[in-house]
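First comes the structure, then the notes that go with it.
The values are calculated or read from the model by the stated rules, or taken from the named source; none is laboratory data. Note that the structure is a prediction, hence the values are computed from the model and not measured. Cβ: placed from backbone, ideal geometry, glycine included. Neighbour counts: every protein chain shown. Each accessible area value is taken on the protein alone, full model and side chains, heavy atoms only, with ligands, DNA and RNA left out. Shrake-Rupley method; radii C 1.70, N 1.55, O 1.52, S 1.80 Å.
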Amino acid sequence: MDNWDEIRTAFQVANIGTVSGAADALGVHHATVIRHIDTLESRLGVKLFQRHPRGYTATEAGQDLMQVAAATDDQFTQLAGRIRGQGEGVSGDLVVTSLVFFSPFLTPVLAKFRRKHPELTVRFLTGERVFRLEYGEAHVAIRAGVVPDQPDNVVQPFFKHAMHLVAAPSYVEEYGLPNGIDDLSNHWFVGHESDESRAPFNRWLINQVGPNRIVHRATDFRAITDAVLAGAGVGFVDSWTLRNNPDLIEVVPSLEEWSGDSWLVTHVDLHRTTKVQTFLKFLKEEAATWQA
């Protein structure tokens, strides 16, 4: 079995007999308990519990699983006793996840934080996949777009990332600058591989110039930025990139509708730990300088 959280949840439900009681024992939302049970039963292809008005009763298959879970839970309890107290400092792994979009300004922060806490190993996971905090896949997630609404997560506003439509000098030398928004359809663009990208600036570009004018496409923002810097076309970059590449030329003033919100997300079980709170405080202080 590849996820102890689900088995531990089922073990508590079997012991206590109710979802609400298991949720209280585990310190999680009752929806998490139900989700774990449903996922575990789906993965195993059997019913582990009989549902009835008074609660949950383990089936024969459930009783077999609970015997193994009981032994494992006892081993975890013994292990916790041996290492209790070691997790109160800023050491071990710090797992942070975000879109690769955030890497240029997050990576220096992570490196600086690691220098302040030499017993720490930083793991920075980027990509389109949403890492599941309730399964312990990350300590902190930085997410963009609408407010994350997963249960059991603590969500805090982070910062609004402004976007800028720019051209590199090599592009301007060959094609000139657009004469305002109405002239954009006469130019060539760098954009996302998918016309269904949810980023507001990508949607705006598709609506404004159409997909045929986007002649250089990539699947992640770092590659899109590299293409803009190389003069492959007009394209969007963030404020950090614009500040650090002063030769880039804004082709039209930045619009509010291109900007997007970002959020700091932590799981309720880890939110108050010393490591997570220390990192969140440090990150917020550093982020305050990004748009100065």
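Alpha carbon centre of segment 145-197 versus segment 4-62: separation in Å?
Using only Cα atoms to place each centre, the spacing works out to 45 Å.
Could you please report the charge total around residue 218, scoring K, R as +1 and D, E as -1 over all other residues with beta-carbon less than 10 angstrom from its beta-carbon?
Working: positive: 217, 222; negative: 193, 220, 226.
Charge balance in the 10 Å sphere: -1.
To the nearest 10 Å², what's residue 152's accessible area with a 1.4 Å probe?
For residue 152, solvent-accessible area is about 20 Å².
Report the calculated FRET efficiency for residue 240 and residue 24 (r = Cβ-Cβ distance, R0 = 45 Å), to the nearest 0.05.
0.50
Positive end of the dipole of the chain, charges at C-beta (+1 Lys, Arg; -1 Asp, Glu), about the Cα centre: which of 121, 210, 240 has its Cα farthest in that direction?
121
How compact is segment 118-225 by the rule of thumb for globular proteins, expressed as Cα Rg over 2.2 N^0.38 Å? Working shown, then result.
Values: Rg = 18.2 Å, N = 108, 2.2 N^0.38 = 13.0 Å.
With N residues counted in segment 118-225, Rg over 2.2 N^0.38 Å equals 1.39.
With a ≥ b ≥ c the root eigenvalues of the C-alpha gyration tensor of segment 163-258, is it rounded (a/c under 1.5), prolate (a/b larger than b/c) or oblate?
Details: a/c = 1.28, a/b = 1.13, b/c = 1.13.
Cα axes put segment 163-258 in the rounded bin.
In segment 1-71, which trypsin sites (Lys or Arg not before Pro) fall in coil by DSSP and have 15 or fewer other Cβ atoms within 10 Å?
On the way: sites: 8, 35, 43, 47, 51, 54; in loops: 47, 54.
Those satisfying the criteria are 47, 54.
Hey, what do the phi angles of segment 252-260 turn into as Karplus ³J(HN,Hα) couplings, whole Hz, using 6.51/-1.76/1.60 and θ = phi - 60°, x for Gly and Pro?
For segment 252-260, the Karplus curve yields 9, x, 4, 9, 4, 5, 7, 6, x Hz.
Run the count for the chain, please: Lys pairs, Cα-Cα under 22 angstrom, 8 or more apart or on different chains.
Taking the Cα cut-off of 22 Å, the pair count is 9.
In nm, to one decimal, how far is the residue 230 label point from the residue 103 one, both placed 7 Å along Cα→Cβ?
A separation of 1.5 nm, rounded to one decimal place.
Can you compute the helix-only [θ] at 222 nm over the chain? Use -39500 (n - 2.57) per DSSP H run of at least 4 residues, normalise by all residues, nearest 500 deg cm²/dmol. Walk me through the numbers before you get to the answer.
Details: 10 runs with 120 residues, N = 292.
Using -39500 (n - 2.57) per qualifying helix, the result is -13000 deg cm²/dmol.
Taking the Cα centre of the chain as origin, work out the dipole magnitude from +1 charges on Lys and Arg Cβ and -1 charges on Asp and Glu Cβ, in debye rounded to 20. Don't skip to the answer; put the middle values down first.
Details: 27 positive and 36 negative charges, 170 e Å.
For this selection, approximately 820 debye.
Based on the Cα atoms of the chain, what semi-axes does the equivalent ellipsoid have, where each is the square root of 5 times one gyration tensor eigenvalue, given in whole Å with the largest first?
Sorted largest first and rounded, they come to 47, 23, 15 Å.
Can you give the relative contact order of the chain as a percent, counting alpha carbon pairs under 8 Å and 6+ residues apart?
Details: 433 pairs, mean separation 61.3, N = 292.
The value is 21 percent.
When the dipole is taken about the Cα centre of segment 163-258, and only Lys, Arg (+1) and Asp, Glu (-1) are charged at their Cβ, what size is it in debye, to the nearest 20?
So the magnitude is around 160 debye.
Calculate how steeply helix 200-209 sits against the longest principal axis of the alpha-carbon atoms of the chain, using the helix alpha-carbon long axis, and give the answer as 0 to 90 degrees to the nearest 10.
Result, in degrees: 40.
Would you kindly state how much longer the chain becomes between residue 54 and residue 146 on full extension, computed as 0.36 nm times their sequence separation minus their alpha carbon distance, in nm to one decimal? Numbers along the way, then the final one.
On the way: separation 92, 0.36 × 92 = 33.12 nm, distance 3.81 nm.
Extra length from residue 54 to residue 146 when fully extended: 29.3 nm.
Excluding residue 46 itself, what net charge comes from residues whose Cβ is under 11 Å from its Cβ, given Lys and Arg +1 and Asp and Glu -1?
Values: positive: 43, 47; negative: 41, 60, 64.
That works out to -1.
Which angle from 0 to 90°, rounded to the nearest 10, does the C-alpha axis of helix 274-287 make with the longest principal axis of the chain?
So the helix axis and the longest Cα principal axis differ by about 10 degrees.
Got the relative contact order for segment 163-258 handy, in percent, Cα pairs under 8 Å and 6 or more residues apart?
Details: 157 pairs, mean separation 47.5, N = 96.
It rounds to 49 percent for segment 163-258.
What's the angle, to the nearest 10 degrees (0 to 90), between helix 60-83's Cα axis and the longest principal axis of the chain?
Its long axis makes an angle of about 80 degrees.
DSSP loop (so not H, G, I, E, B), at most 11 other Cβ within 10 Å: list which trypsin sites (Lys or Arg not before Pro) in segment 198-235 pass both filters.
Details: sites: 198, 203, 213, 217, 222; in loops: 198.
Here no loop site has a sparse enough neighbourhood.
Got the relative contact order for segment 4-83 handy, in percent, Cα pairs under 8 Å and 6 or more residues apart? Don't skip to the answer; put the middle values down first.
Details: 73 pairs, mean separation 23.5, N = 80.
So the answer I get is 29 percent.
Test of understanding: express the Cα radius of gyration of segment 4-83 as a ratio to 2.2 N^0.38 Å, with N the residue count.
Numbers: Rg = 12.3 Å, N = 80, 2.2 N^0.38 = 11.6 Å.
Normalised Rg, Cα atoms only: 1.06.
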